[in-house]
Every structure is written in structure tokens, then in C-alpha cells.
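Just below is one structure, and these are the notes that go with it.
The values are calculated or read from the model by the stated rules, or taken from the named source; none is laboratory data. Worth saying up front: this structure is predicted, and the values here are computed from it rather than measured. All Cβ positions, even for glycine, are placed from backbone atoms using ideal geometry, and neighbour counts span all protein chains on display.
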């Protein structure tokens, strides 16, 4: 009986290993970036900038100041702020900065996905014909002056959806904010960039700092239903045949959680949403006739990442326990397990260090982020297992308190991202 169970566990681990090898292969930059020649008299698209805020009075002013200071014609973009179930002066603060403000009060439907639904029900009737594309930000973001111009270039190249280059606004504030900043850099370097080089779509817009053509919405309405509206939106758009790229010259800064408990709450919500998005998007991707084989396989592999990681973690633990019972050689297996854990820790630290070096960025104390990154990822593995059995969709708000402007962020560190 133990032998059969062991074979099952090891088979599951082999499948997960193949999955990991595939993702590792996809992280390799095998092809060069496509170089675009400069374009004179490039068309100027009209953007609707959408900001969703819940009790963001301390930080929203800095975002709006950075948006009104864009190196882009002022008449070619407007800023819409949705004050979502706010109990502070967020709406008044946004109005002071010239934003078009709408207040939403619905205590029974809390979350960004609901706010997006609510906003587009009105926007599609009142404003949509005035704009070519939307750009989405969270109220805690800060945006560099060239962001809209970079997104305009992407739109003119035929890219329906484009991610901005995301940096943590506050990596020096705590080890948690530092390690989360590092996580986003790893995504850029090892997930987004390699896929763009291969001509494949990026797989998630990341929730903030992204642009999409209004043609992507079809009927003008926001269609997501999961707690990870960004992943569901991206995978649904890919299934519909839309391109998704990254604009590394569209730089913005995103506030990261300060406490580990806040990070766990945030990542639990993302993981629950990823599981929900898988259920709704896998059938669309499977049926899509507009994707090449590799693009379809890649998107499907990304969509099923949560259960694969969860089953892999469970199979690994169970397999170790079964081997202990099967062989009785506790000392040898304990030594081997400890050695593998040390190698995994060092390997993960090396990957984290490599991402910082390749992205040519750093900040004071970034070694803390490198040293704790394996623990950060281990905690995420635990969340994968939890979500496999328990999924609470209640939205928990993460407070944003780092109220400083773009000048202070740039003095701290500036990524050496190139226009690619």
C-alpha cells in the first residue's frame, strides 16, 4: 500500500518537475528584442486614466500630481477617480487635483472587480466614444512623466494591452516591502520579457499600471467575476486574440505592504482569484481558435499554476513521509532533505540576486530582500495548499500610508529600463 502511494506521489512530483522545467525554459531570453524605428508625427491617442481608491486620502494627491505632469498633450487625456466606499476625504482630494470623480457606495459588493463593473456601466454610456484606450492605476501609485507617451507608442504599434514597468515605491521601508518589490522585478525579467521576445503575450497585467484599447472590451463592459480581475481579464483577452506586451519605458511605482500579515492577506486574495480565474478562463483558452499552439499551451500552463504548485507541495511532503516509513532510515532521509532545502534556498537567493543585476536596479538594504525571498516564496506555497481546500472571497483592504512624491522616489533609486 505504501509503495503504491509512493508511486502516485512521485508521479505527481515528476509532472510538477516537468512543469517547472517548462517555466524555467520560458524564462530564458532566446531571441532579441524587436527594434522599432522612430516614427515622426505619430498619432496621439486619447486616454481615459482610471483610478480606483478606497480611503486613499494620504496618497492619492501624489499620484494625481504625477499624472497631471505627464509629457503628453493635456487635452488628450482625462483622469477619472472612483472613490469606492470611502469614509475619508479621498473624493474631495481627487476633485482638488482636477479629476472627474464618482463616488460608489455599495457595502455588499466590495472589491476592485465590482468597482470596475460599476464604473464601465456608466463610462460606456457617457464617455467611451471620446477615448481610444484606458489606463488603470491604484491610488497609491506614482507615475513617471513619459508613461502615457510610451503607452501611446504601444497602441500605435497595434498592441491592444500593455503593462507598465513596475517598481516598488517603498522597498526600503521594511523587509516585506523590499521582498515584494523584488517579486515584481522577477516577474518582469523572467516571465514578461522572455515571452515578448518570443512573440507570446504577457500573462497578467498585474492589476495596476496597464493600458488597454477600448476595443478589448467589445460591448464596453467589464466582464470579470473573480477576485483576481487582472489575471482573468488578461487570459480572457488572450483567448479572444488580443496582444499583450510590456512597455519597459512606461515606468511607475507601486506601494508594497509593510507587514508580513498584510502581504499574506494580499497574496491569499490573489491566489483565491487565480484559482477562480482558472475555472473561467481554461475553457476559453482551450476553445480559442485565434491562438497558436505555443501561445495556447503557455496561457493554459499559467492558468493552472495554483493547483499544480499546491499538488506538488502536498506530494513532496507526503512522499518524504512515505519514504521514511518505507525505508526506516530516518537519519539519511533527514540529511538528504536538509541538504536539498539548503540548495533550494541558495538557488532561490541566486535567482533573486540575478534579477536585480539584470534589471540594473538596487536600493539600500536590498540584500534583505534577497535573503528572505525564499521564505517569501515558501509562504506562498503554503497559501497554494490552503486555497486548494479553503477559499474566502471577502475583500481585505491593505492600508497605504507612504505619502511621498515622485522626486523622492527617483532620488532613492531609478530602474535602468530601456525603451524596448
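With respect to residue 312, is the statement that it is more than 28 Å from residue 60 (Cα to Cα), touching a strand residue (DSSP E or B) at 6+ places or on another chain (Cβ under 8 Å) and either free of Cβ contacts under 8 Å to residues at least 24 places away in the same chain or surrounded by 17 or more Cβ atoms within 10 Å (Cβ to Cβ) (or both) true? Against the criterion (more than 28 Å from residue 60 (Cα to Cα), touching a strand residue (DSSP E or B) at 6+ places or on another chain (Cβ under 8 Å) and either free of Cβ contacts under 8 Å to residues at least 24 places away in the same chain or surrounded by 17 or more Cβ atoms within 10 Å (Cβ to Cβ) (or both)), residue 312 does not qualify. When residues in segment 90-111 are screened for being farther than 16 Å from residue 141 by Cα, out of contact with any strand residue (DSSP E or B) (no Cβ under 6 Å at 6 or more places or on another chain) and crowded, with 16+ Cβ neighbours inside 10 Å, 2 of them pass.
Scan segment 31-60 for residues that are surrounded by 15 or more Cβ atoms within 10 Å (Cβ to Cβ) and free of Cβ contacts under 8 Å to residues at least 40 places away in the same chain and the total you get is 1.
Here's the yes/no breakdown for (1) within 16 Å of residue 185 (Cβ to Cβ); (2) modelled with pLDDT of 80 or more; (3) more than 22 Å from the chain's Cα centre (by Cα); (4) not in a helix (DSSP H, G or I):
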{"residue": "312", "(1), (2), (3), (4)": "no, yes, yes, no"}
{"residue": "353", "(1), (2), (3), (4)": "yes, yes, no, no"}
{"residue": "357", "(1), (2), (3), (4)": "yes, yes, no, no"}
{"residue": "363", "(1), (2), (3), (4)": "yes, yes, no, yes"}
{"residue": "374", "(1), (2), (3), (4)": "yes, yes, no, no"}
{"residue": "393", "(1), (2), (3), (4)": "no, yes, no, yes"}
{"residue": "417", "(1), (2), (3), (4)": "yes, no, no, yes"}
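Specify the residue that is surrounded by the most Cβ atoms within 10 Å (Cβ to Cβ); the eligible residues are those in segment 395-412 that are in a helix (DSSP H, G or I) and more than 21 Å from the chain's Cα centre (by Cα). Going through the qualifying residues, I end up with 406.
Of all positions in segment 10-21, at least one carries a residue that is under 28 Å from residue 254 (Cβ atoms), exposed (fewer than 15 other Cβ atoms within 10 Å of the Cβ) and out of contact with any strand residue (DSSP E or B) (no Cβ under 6 Å at 6 or more places or on another chain). Residue 236 passes every criterion in (1) assigned to a loop (DSSP other than H, G, I, E, B); (2) farther than 15 Å from residue 136 by Cβ; (3) within 17 Å of the chain's Cα centre (by Cα) apart from (1). Just one of the listed residues (323, 378, 333) is crowded, with 18+ Cβ neighbours inside 10 Å and in a helix (DSSP H, G or I), and it is 323. Sort through 277, 301, 289 and tell me the only one that's within 24 Å of residue 382 (Cα to Cα) and over 15 Å from the mean Cα position of the chain (by Cα). Answer to the check: 301. When we screen 317, 342 for residues that are within 25 Å of residue 260 (Cβ to Cβ), exposed (fewer than 15 other Cβ atoms within 10 Å of the Cβ) and at pLDDT 90 or above, the only hit is 342.
Scan segment 105-124 for residues that are over 25 Å from the mean Cα position of the chain (by Cα) and without any contact (Cβ under 8 Å) to a residue 24 or more places away in the chain and jot them down. Scanning segment 105-124 gives 105, 106, 107, 108, 122. All of (1) farther than 17 Å from residue 205 by Cα; (2) surrounded by fewer than 22 Cβ atoms within 10 Å (Cβ to Cβ); (3) under 15 Å from the mean Cα position of the chain (by Cα) hold for residue 266 with one exception: (1).
Residues in segment 200-224 that are at pLDDT 90 or above and more than 17 Å from residue 50 (Cα to Cα): 200, 201, 202, 203, 204.
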